[in-house]
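Structure, as structure tokens:
Values in this text are rule-based calculations from the coordinates and carry no lab data. Since this is a predicted model, take the numbers as computed values, not measurements. Note that we place each Cβ from the backbone using ideal geometry, even for glycine, and neighbour counts take in every protein chain shown.
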Amino acid sequence: PQPPRGAFIPFGTGKRMCIGDQFSLTEAIVITALIASRWRLRPTPGVTVRPVPEITVHPSSLDMTAEPRIHAATGKAA
């Protein structure tokens, strides 16, 4: 059976599942941790975030501003 139009199945499933699925998920976690260690995300002032009720509740948009993190020991940006 065909998945519904617009369905998102990034790695497939079953016998034909992508052999790199675990690697790519691990890579995404490592990259997210690296970025988060150097940058702090703050909500953009004046932007209203509204919940969107669908199968799961998610924000309508999430505008953020990236600020460099400052190391306490040196007082310099990462």
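Of all the residues in the range 37-51, those that are loosely packed, with under 11 Cβ neighbours inside 10 Å and not basic (Lys, Arg) number 5. Assessment of the range 26-35 against the conditions (surrounded by 11 or more Cβ atoms within 10 Å (Cβ to Cβ) and in contact (Cβ under 8 Å) with a residue 12 or more places away in the chain) yields no matching residue.
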